[in-house]
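Take a look at the structure below.
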Amino acid sequence: MRLIEGRNLKVYFDSDAGKVHAVDNVNFHIDEGENLVFIGETGSGKTVLGMTIMRLLPTNVYYEGELYFKDKNLIKATEKEMEGLRGRELAIIMQNPLTALNPCMSIKKHLVQVLQKHKGMDKKSASDRAAEILVETGIPEDQIDYYAHQLSGGLRQRALIALGLACDSEILIADEPTKGLDVTVQLQVVKLLRKISDNKKKAMFIITHDLGVAAALADRIAIMYCGRILESGTVKEIFESPFHPYTKGLIAAHPSRGLNPIQGYSASLVNLPEGCVFCPRCDHATAKCRESEPEEFDLTETHKVRCYLAGS
Amino acid sequence: MLEVNNVTKKFKSSFFNKKMFTAVDNVSFHINEGESFGIIGESGSGKSTIGKMIINLYTPNEGEIKINGKNIIKNKFTKTLEFKKQVQMIFQEPDGVFDPKWKIKKSMLEPYNIHTKLSHDEKMKKIIHWLEIVGLSKEHLDRYPFELSGGQLQRLSFARVLMLEPKLIIADEPTSSLDVSVQAQVLTLMREIQQRLNLTILYVTHDLYLARQMCDRIAVMQKGKFVEQGRSDEVFDNPKEDYTKRLINAQLPPDMSSKEKTAV
Ligand SMILES: Nc1ncnc2c1ncn2[C@@H]1O[C@H](COP(=O)(O)OP(=O)(O)OP(=O)(O)O)[C@@H](O)[C@H]1O
Ligand SMILES: Nc1ncnc2c1ncn2[C@@H]1O[C@H](COP(=O)(O)OP(=O)(O)OP(=O)(O)O)[C@@H](O)[C@H]1O
Ligand SMILES: [Mg+2]
Ligand SMILES: [Mg+2]
């Protein structure tokens, strides 16, 4: 069954400098039992897309297009309807731990509140369950009553993961869940997330900059750049036959292969170039690329790319 | 340039509990001028605490820390602007660096207001110059922190430290929120600036690939102690300690083989 589907989704922000096109004409879907991983350029709209599903963006936002959770269009949902979904059916592991955690509340208290609110547990069982989840995500037992500022960066990150897992929701959005974790803990967290995704009723929307984590967790991968999905495909298609020049450049820039960045920086989302958004940095750009933006081409049934190289 | 000798830092476990918890346990190392030194290791093992002691945010319970031969512990010199300008830290979580109620412009001007007597126009010119170097632009200055992406904030906090041209930088996970291409750009830039200004850098990172690229020497930390220290290539090619071997084995390669590695 299809759990999430975005159709021609656009998310804009008003800003002093002009309209910020954070997500532009994005089509994607996630089925039951599936993990979709977003990788790509920093500032390309990954977090905004995740926060759109949660409808947790600030008030200077506006939307176009459709975003379905089952048969409900989340863009049209009222705040009250969203409240009913958040925590129960949609949960998120946020990107910024210091913003996500209340400095005046212990880590355990955060979980207790969530469990009481969304799972209807009484105080005692919520407290027991909270301790259990925190220890399961690898927080030492004598630190579960710590406040955010007392924890190391990696422990704070694990507290956020615990908070996301507490609700046991159908959809889990995980925004850089392994950031700041040492590689042995990262391995544990990846295994923990894979265990959850073995449950065929659930689905995950994962954002990461770590190509190893992406390969480990993904069924399918979407590559984002300047608010667009430039390429998407199965994890095998993306890692073994990447097509888009940006995807190829990104994979080649991994530090295990030396320091080989793609030249230049991405365009401003307020002032996008005509044509393909990647063409100012692309070695293969032709006049056509500079004139109009490529549509999506199908390389296989699952492998799609927005690049004229595929059309010719 | 930097000497850390037998430093120990303890924290009270909680307000009510008098029991002390040792976060950093008798650690010693040095970094030469112009060198890059890396600390890798377990989460919660005391890496950031070491950095915070070097910038004098925490005071060690025991041991000494010397910068250019001067002991900085309980030394009035560390309260001076000169010290604060020379020794700078790029913090692990950029969302803690920027005041959420201030526009970015105000946060970026602050270090120049404190440390320089430049005119407003000169300050703005320099700030925009640094923004462009890290791939951002003027338009980002009028935003509030919540209106920027994680990686944009991280690059701003990077620029905010580099623009003072310090002598010693503690870079605590400075690129953890960047995609690998922008990370490579920022690190290349860091190398150029290091050579130009003969900067000394202490990297703290969980990314072993990065540590190997960027650090001349590294130390591996576990439970408050350095378990192994040496030239980066030697430590990675020939790890001596079990813990180091475990770390190297737990790395996820950027290809399909990480799927098998994490199968449950
Ligand atoms: N409230 C807002 N007002 C204006 N612009 C915003 C707002 N929120 C986000 N943006 C902009 O939208 C773009 C997308 O941001 P987003 O946080 O989704 O990036 P990201 O892909 O998650 O990047 P990163 O990998 O760095 O976290 C960025 O350029 C950001 O500056
Ligand atoms: N202010 C504090 N009060 C009490 N305990 C603290 C405080 N600051 C740090 N600690 C504890 O000291 C230990 C070391 O913390 P530190 O932040 O140095 O770890 P780290 O090596 O940087 O870890 P990470 O890789 O997760 O960032 C942790 O167990 C942490 O919980
Ligand atoms: Mg993000
Ligand atoms: Mg730390």
Could you please let me know if A:F69 is within 30 Å of A:N199 (Cβ to Cβ) and in contact with a helix residue (DSSP H, G or I) (Cβ under 6 Å, 6 or more places away or on another chain)?
-> no
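Name the single residue, out of those in segment A:16-43 being among the small types (G, A, S) and open to solvent by 10 Å² or more (accessible area, probe 1.4 Å), that is modelled with the lowest pLDDT. Before the answer, list the steps.
Taking segment A:16-43 and keeping what is among the small types (G, A, S), we get A:17-18, A:22, A:33, A:40, A:43.
Now restrict to residues that are open to solvent by 10 Å² or more (accessible area, probe 1.4 Å): A:17-18, A:33, A:43.
Details: A:A17: 80, A:G18: 86, A:G33: 91, A:G43: 92.
Within segment A:16-43, the match that is modelled with the lowest pLDDT is A:A17.
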Residue within segment A:185-198 that is open to solvent by less than 30 Å² (accessible area, probe 1.4 Å), in a loop (DSSP other than H, G, I, E, B) and either farther than 20 Å from B:G41 by Cβ or at pLDDT 90 or above (or both) present = no
A:K70 open to solvent by 10 Å² or more (accessible area, probe 1.4 Å) and within 16 Å of ligand 1 (Cβ to nearest atom) = no
Looking at segment A:243-277, which of the residues that are modelled with pLDDT of 95 or more and among the aromatic types (F, W, Y) is farthest from A:A17 (Cα to Cα)?
-> A:F243
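Taking the condition without any contact (Cβ under 8 Å) to a residue 40 or more places away in the chain and not aliphatic (A, V, I, L, M), does A:P140 pass? Write out each step before concluding.
Values: without any contact (Cβ under 8 Å) to a residue 40 or more places away in the chain: yes; not aliphatic (A, V, I, L, M): yes.
Judged against the criteria, A:P140 is a match.
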Note on A:S169: of the conditions (1) away from chain B (no Cβ under 11 Å); (2) of a type outside the set (F, W, Y); (3) in contact with a Phe, Trp or Tyr (Cβ under 9 Å, 6 or more places away or on another chain), unmet is (3)
Hits in segment A:16-43 (condition: over 11 Å from the mean Cα position of the chain (by Cα) and within 11 Å of ligand 1 (Cβ to nearest atom)) | A:D16, A:A17, A:G18, A:K19, A:V20, A:H21, A:A22, A:V23, A:D24, A:E41, A:T42, A:G43
Do any helices (runs of 4 or more DSSP H) entirely within segment B:184-264 hold 3 or more residues that are at the interface with chain A (Cβ under 10 Å from one of its Cβ atoms), and if so, which?
-> B:208-214, B:242-250, B:257-261
Name the single residue, out of those in segment A:101-153 being hydroxyl-bearing (S, T, Y) and over 30 Å from B:Q222 (Cβ atoms), that is nearest to ligand 4 (Cβ to nearest atom).
-> A:S127
Kindly indicate which of B:K117, B:K101 is farther than 26 Å from B:A219 by Cα, more than 16 Å from ligand 4 (Cβ to nearest atom) and either within 14 Å of another protein chain (Cβ to nearest Cβ) or at pLDDT 95 or above (or both).
-> B:K101
Being within 13 Å of another protein chain (Cβ to nearest Cβ), β-branched (V, I, T) and in a strand (DSSP E or B) is the filter here, so list the residues in segment A:207-237 that pass it.
-> A:I207, A:I221, A:I223, A:T234
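Does A:A159 count as at pLDDT 90 or above, of a type in the set (G, A, S), open to solvent by less than 10 Å² (accessible area, probe 1.4 Å) and in contact with a Phe, Trp or Tyr (Cβ under 7 Å, 6 or more places away or on another chain)? If you could, list the steps in order and put the result at the bottom.
Numbers: at pLDDT 90 or above: yes; of a type in the set (G, A, S): yes; open to solvent by less than 10 Å² (accessible area, probe 1.4 Å): yes; in contact with a Phe, Trp or Tyr (Cβ under 7 Å, 6 or more places away or on another chain): no.
The answer is no for A:A159.
Quick check, is A:T99 buried (at least 19 other Cβ atoms within 10 Å of the Cβ), modelled with pLDDT under 95, within 14 Å of chain B (Cβ to nearest Cβ) and closer than 22 Å to B:F98 by Cβ?
Values: buried (at least 19 other Cβ atoms within 10 Å of the Cβ): no; modelled with pLDDT under 95: yes; within 14 Å of chain B (Cβ to nearest Cβ): yes; closer than 22 Å to B:F98 by Cβ: yes.
So A:T99 does not fit the description; no.
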Give the residue, chosen from B:P100, B:P94, B:P145, B:P111, that is in contact (Cβ under 8 Å) with a residue 60 or more places away in the chain and over 23 Å from A:G264 (Cα atoms).
-> B:P94
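For segment B:125-143, name all the residues that are within 16 Å of ligand 3 (Cβ to nearest atom) and either away from chain A (no Cβ under 12 Å) or not charged (D, E, K, R) (or both).
So the first thing to find is which residues in segment B:125-143 are within 16 Å of ligand 3 (Cβ to nearest atom), and the list is B:135-136, B:140, B:143.
Residues satisfying the conditions are B:G135, B:L136, B:H140.
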So, of the residues in segment A:241-260 that are facing another protein chain (nearest Cβ under 9 Å) and over 13 Å from B:D255 (Cβ atoms), which turns out to be most open to solvent (accessible area, probe 1.4 Å)?
-> A:N260
Residues (exposed (fewer than 14 other Cβ atoms within 10 Å of the Cβ) and not aromatic (F, W, Y)) located in segment B:65-95 = B:N68, B:G69, B:K70, B:K74, B:K76, B:K79, B:T80, B:L81, B:E82
When you look at B:P111, is it within 14 Å of chain A (Cβ to nearest Cβ) and away from ligand 2 (no atom under 15 Å from the Cβ), yes or no?
-> no
A:I238: aliphatic (A, V, I, L, M) and buried (at least 23 other Cβ atoms within 10 Å of the Cβ), yes or no?
-> yes
Unmet criterion (only one of (1) away from ligand 3 (no atom under 16 Å from the Cβ); (2) among the β-branched types (V, I, T); (3) more than 9 Å from every other protein chain (Cβ to nearest Cβ)) for A:T184 | (3)
Candidates B:L168, B:L156, B:L109 - the one that is open to solvent by less than 10 Å² (accessible area, probe 1.4 Å), at pLDDT 90 or above and more than 15 Å from ligand 1 (Cβ to nearest atom) = B:L168
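For residues that are open to solvent by less than 20 Å² (accessible area, probe 1.4 Å) and within 13 Å of chain A (Cβ to nearest Cβ), scanning just segment B:16-37, find the one that is nearest to ligand 3 (Cβ to nearest atom). Before the answer, list the steps.
To start, the set of residues in segment B:16-37 that are open to solvent by less than 20 Å² (accessible area, probe 1.4 Å) comprises B:23-24, B:27, B:29, B:31, B:36-37.
From what is left, the residues that are within 13 Å of chain A (Cβ to nearest Cβ) are B:23-24.
Values: B:A23: 30, B:V24: 32 Å.
Per the stated criteria, the residue is B:A23.
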Counting only residues that are of a type in the set (A, V, I, L, M, F, W, C), part of a loop (DSSP other than H, G, I, E, B) and touching a residue at least 60 places away in the same chain (Cβ under 8 Å), segment B:40-90 contains a total of 1
Output the number of residues of segment A:121-147 satisfying the condition of being facing chain B (nearest Cβ under 10 Å) and either in a helix (DSSP H, G or I) or touching a His at 6+ places or on another chain (Cβ under 7 Å) (or both).
-> 2
Inspect all residues belonging to segment B:22-41 and state whether any of them is at pLDDT 90 or above, over 23 Å from B:L210 (Cα atoms), away from ligand 2 (no atom under 13 Å from the Cβ) and touching a Leu at 6+ places or on another chain (Cβ under 7 Å).
-> no
Within segment A:162-182, residues within 22 Å of A:N35 (Cβ to Cβ), open to solvent by less than 10 Å² (accessible area, probe 1.4 Å) and within 12 Å of ligand 4 (Cβ to nearest atom) come out as A:L181
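The values are calculated or read from the model by the stated rules, or taken from the named source; none is laboratory data. Because the structure is predicted, anything quoted here is derived from the model rather than measured. Don't worry about glycine lacking a Cβ; one is built from the backbone with ideal geometry, like all the others, and counts go over all protein chains shown. Heads up: the accessible areas ignore ligands, DNA and RNA and are worked out on the full protein's heavy atoms, side chains in. Shrake-Rupley method; radii C 1.70, N 1.55, O 1.52, S 1.80 Å.
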